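The values are calculated or read from the model by the stated rules, or taken from the named source; none is laboratory data. As the structure is a prediction and not an experimental result, all values here were calculated from the model. Cβ atoms come from the backbone with ideal geometry, glycine included; neighbour counts cover every protein chain shown. These area figures cover heavy atoms from the full protein model, side chains too; ligands, DNA and RNA do not enter into them. Shrake-Rupley method; radii C 1.70, N 1.55, O 1.52, S 1.80 Å.
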Amino acid sequence: MKERIAELDRARDEAEHGMRELLSTIPNIPHNTVPIGADESANVEVRRWGQAPQFDFEPMTTWILALL
């Protein structure tokens with residue numbers, strides 16, 4: 001019985017790994033209330049919270065920060 005449990009645990013782990021691999025290839029599905037637009041210029045701002053920060057320097061892009 002002990003060997004069978006270990007075998008089933010391995011099979012479960014492999015199946016879960018395969019499922020995670022498959023699910024990581026599926027993009028996020030937008031909510032059905034999201035308007036369809038041609039590109040990012042068609043994005044609608046629904047609400048804004050707080051004020052955008054003002055800097056006295058040029059902020060780094062996120063991809064440059066990721067390299068640091």
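Listed conditions (1) hydrophobic (A, V, I, L, M, F, W, C); (2) surrounded by 10 or more Cβ atoms within 10 Å (Cβ to Cβ); (3) not in a loop (DSSP other than H, G, I, E, B) are all met by Leu65, apart from (2).
Inside region 24-56, residues that are open to solvent by less than 100 Å² (accessible area, probe 1.4 Å) and either in a helix (DSSP H, G or I) or touching a His at 6+ places or on another chain (Cβ under 7 Å) (or both) make up a count of 2.
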